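Just below is one structure, and these are the notes that go with it.
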Amino acid sequence: MVAPVLQWDVNENTSLTFDFSYLYNDPVYDDGLTALNDGSRVLPIERNLNYPSLDETYTEQIIARYRLNHRFNDDWQLRNAFSFTADLLATGRATFGSFDLIDDRFLQRALTADERYLTENYQLQTDIIGNFSTGSIDHELTVGFDLSRYNINGEQGNSSPTALPLLDIFDPNYDVERPDLETFITYGTRLDSLGIYIQDQIDFTDNFHALLGGRLSVVEQEDFALGFESTNQSSTAFSPNIGLVYQPIEPISLYASYASSFNPAIGRSRDGSAFEPERGRQYEIGVKTDINENLSATLSAFDITRSNVLTTDPDDFDFRIQTAEQRSQGIELLLTGEILPGWNVYTGYAYTDARVTEDNDIPEGDSLSGVPTNTANLWTTYEIQNGDLQGLGFGLGLLFVGERETELPNDDFELPSYLRTDASLFYRQENWRAAININNLFNTEYIDSGFRSSYFPGAPFNIQGTLSYTF
């Protein structure tokens, strides 16, 4: 990866920044391990259940952007940005298939290939931000628009499901001949969207604040796939949001907020029909208290409802469907800040109840995939403040993730909870900073995510080192 950045300070009120990045990534394709039919997980985490000799997966990406900031005066400024992203090839050739075991030992794989694959994403955004007063009430007003176009075009080929021999998960033989590709699917999507938004941050008094805003979204989408008729659809939605903050006394802030969302859903279902845009709304209330100048705690409760959310088709894993409604409710507790000079802490706990609340294909009440009911984290660092070792620091982190379901609809395969420990050692002196981050300190074997009876182990013990110089 290479990522140069150039910033030009035109004058004291105007700056223009250009950045460009090129990424080439050639990973080993791996779509996880599989459990036995009784749910037991016996395979070593280094086992690959694909055919590495047939793997030609790589990613090539180009991103080009600019950002313009201009201040008209002390109260008004303009922000303008444009970006272009192109994924030239995102998959290449790899084997795949169902994780349904034959005789509790063998897997049937097939070869798939994206012979021609290109995505392009253009985004333009412009904001005007101003500060003014109406009598004794202060305002920070933001008005702007964003315009985007997303294109994806590709041609995918697949071999016959029986073109490759059965793979023995206990004693795999990867020495196989490359099969011919038989079926080809040509597909494409063009998505144009326009958003116009306004937001006003209002200070009624020193202890009462409000945030009022809204966004008008206009979306047009065209999809085509070989064997299906082209589809066109357009949608328009207004998404309001509001937030209130009240401080009965200076260290305590009570807040409440409401927000709505509108996002296009790209792709087609198994019968070739286009997807409806995803919609959502969120309510949140909470209290934040400043324990001292450097340490604060926040307790919040939330309720999030989403409709038309994409999930895997339970009748055909190669396609997706939309769930009618999903709902997540829960509480979060956070403690962040500096306990003593040099000793910082970030810790939190979350309880989340996330379920399908309406649907025709998935049982109502099924837990959402990958969402644990309980999560907790702790990250704390200490940096020596004076003496010969000033600038030397240590960090320790704990992450607990509770049990999770796999894909919808839920089955008997559940991902177990885990506790992972991370650590760090760092040293900073003048403009230099060096750090060693140790991930999964005790080499804990855990499952990061899963799909049906397949699962992805978390990364084992690993070390990352960084060295930086600021000038």
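The values are calculated or read from the model by the stated rules, or taken from the named source; none is laboratory data. Please read these numbers as outputs of a predicted model, since none were measured by experiment. Please note: Cβ atoms are built from the backbone with ideal geometry, for glycine as well, and neighbour counts cover all protein chains shown. Side chains are part of the model used for accessible areas, which takes the heavy atoms of the whole protein and leaves out ligands, DNA and RNA. Shrake-Rupley method; radii C 1.70, N 1.55, O 1.52, S 1.80 Å.
Give me the accessible area per residue for the chain, probe 1.4 Å, as a whole number in Å².
Details: 26350 Å² over 471 residues.
It amounts to 56 Å² per residue over the chain.
By accessible area of protein heavy atoms, probe 1.4 Å, what ranking do Leu398, Leu389 get, highest first?
On the way: Leu398 70, Leu389 100 Å².
Solvent-accessible surface, decreasing: Leu389, Leu398.
How much accessible area does His139 have with a 1.4 Å probe, in Å² rounded to the nearest 10?
Answer for His139: close to 30 Å² accessible.
Heavy atoms only, probe 1.4 Å: what % of the accessible area of the chain goes to carbon and sulfur, would you let me know? Mind dumping the intermediate values first?
Numbers: 14150 of 26350 Å².
Ligands and nucleic acids excluded, carbon and sulfur give 54 percent.
Sorting Asp448, Asp203, Asp103, Asp366 by accessible area (1.4 Å probe), largest first, what list results?
On the way: Asp448 85, Asp203 50, Asp103 130, Asp366 25 Å².
Descending accessible area places them as Asp103, Asp448, Asp203, Asp366.
So what's the gap between the Cα centers of the range 384-417 and the range 25-60, to the nearest angstrom?
Taking the Cα centre of each part, the range 384-417 and the range 25-60 sit 24 Å apart.
Binning at 20 angstrom from zero up to the longest distance, how are the C-alpha pair distances of the chain distributed in percent?
Calculated P(r), rounded to whole percents: 16, 49, 31, 3.
How high is the relative contact order of the chain, in percent, counting Cα pairs under 8 Å that sit 6 or more residues apart? Kindly include the intermediate steps, with their values, before the conclusion.
Details: 1264 pairs, mean separation 35.9, N = 471.
Relative contact order here is 8 percent.
Please give me, ordered by residue number, the GluC sites (Glu not before Pro) of the range 386-431 that lie in loop per DSSP and have at most 11 other Cβ atoms within 10 Å. Kindly include the intermediate steps, with their values, before the conclusion.
On the way: sites: Glu403, Glu405, Glu407, Glu414, Glu430; in loops: Glu403, Glu407, Glu430.
Those satisfying the criteria are Glu430.
How large is ³J(HN,Hα) for each residue in the range 277-292, as worked out from phi by the Karplus curve 6.51 cos²θ - 1.76 cosθ + 1.60 (θ = phi - 60°), to whole Hz, x for Gly and Pro?
x, 7, 10, x, 8, 9, 10, 8, 10, x, 9, 10, 10, 8, 5, 8
Within the range 1-69, which GluC sites (Glu not before Pro) sit in a loop by DSSP and count at most 16 neighbouring Cβ atoms inside 10 Å?
Values: sites: Glu12, Glu46, Glu56, Glu60; in loops: Glu12, Glu46, Glu56.
Those satisfying the criteria are Glu12, Glu46, Glu56.
Quick one: net charge around Phe84, please, counting Lys, Arg +1 and Asp, Glu -1 for every other residue with C-beta under 9 Å from its C-beta. List each step's numbers first, then the result.
Details: positive: Arg65; negative: Glu120.
Overall, the nearby charge balance is 0.
At a probe radius of 1.4 Å, what is the per-residue accessible area of Tyr382, in Å² to the nearest 10?
Approximately 100 Å² of Tyr382 is accessible to the 1.4 Å probe.
Can you give the accessible area of Arg452, probe radius 1.4 Å, in Å² rounded to 10?
Accessible surface of Arg452 is approximately 30 Å².
Ignoring ligands, DNA and RNA, how do Arg190, Arg281 rank by accessible area with a 1.4 Å probe, largest first? Working shown, then result.
On the way: Arg190 60, Arg281 105 Å².
Highest to lowest solvent-accessible surface, that is Arg281, Arg190.
On a C-alpha basis, how far is the centre of the range 278-309 from the centre of the range 87-146 in Å? Whole number, if you could?
Going from one Cα centre to the other spans 25 Å.
Select from Thr375, Phe400, Ser300 the residue farthest towards the positive end of the dipole of the chain; place +1 on Cβ of Lys and Arg, -1 on Cβ of Asp and Glu, and compute about the Cα centre.
Positive-end residue among those listed: Ser300.
Please report, in debye to the nearest 20, how large the charge dipole of the range 56-109 is about its Cα centre when each Lys and Arg carries +1 at its beta carbon and each Asp and Glu carries -1 there. Please report the intermediate quantities before stating the final value.
Numbers: 7 positive and 8 negative charges, 63 e Å.
In total the dipole reaches around 300 debye.
If you take the charge dipole of the chain about its Cα centre, with +1 on Lys and Arg Cβ and -1 on Asp and Glu Cβ, which of Ser148, Gly365, Phe132 is farthest toward its positive end?
Projecting each Cα onto the dipole axis, the largest value belongs to Phe132.
Name the chymotrypsin sites (Phe, Trp or Tyr not before Pro) in the range 43-119 that are in a loop by DSSP and that have at most 16 other C-beta atoms within 10 Å, would you? List each step's numbers first, then the result.
On the way: sites: Tyr58, Tyr66, Phe72, Trp76, Phe82, Phe84, Phe96, Phe99, Phe106, Tyr117; in loops: Tyr58, Phe72, Phe99.
Here the sparse-neighbourhood loop sites are Tyr58, Phe72.
Let me check against my output: what whole-number percent is the relative contact order of the range 388-471, with C-alpha pairs under 8 Å and at least 6 apart? List each step's numbers first, then the result.
Numbers: 166 pairs, mean separation 22.4, N = 84.
It rounds to 27 percent for the range 388-471.
Dipole of the chain, Cα-centred, from +1 at each Lys and Arg C-beta and -1 at each Asp and Glu C-beta, to the nearest 20 debye? Spell out each step's value before the answer.
Details: 28 positive and 72 negative charges, 202 e Å.
Here the size comes out at about 980 debye.
What residue among Ala265, Thr236, Gly391 has its Cα farthest toward the positive end of the dipole of the chain, where the charges are +1 on Lys, Arg and -1 on Asp, Glu, each on the Cβ?
It is Gly391, whose Cα lies furthest towards the positive end.
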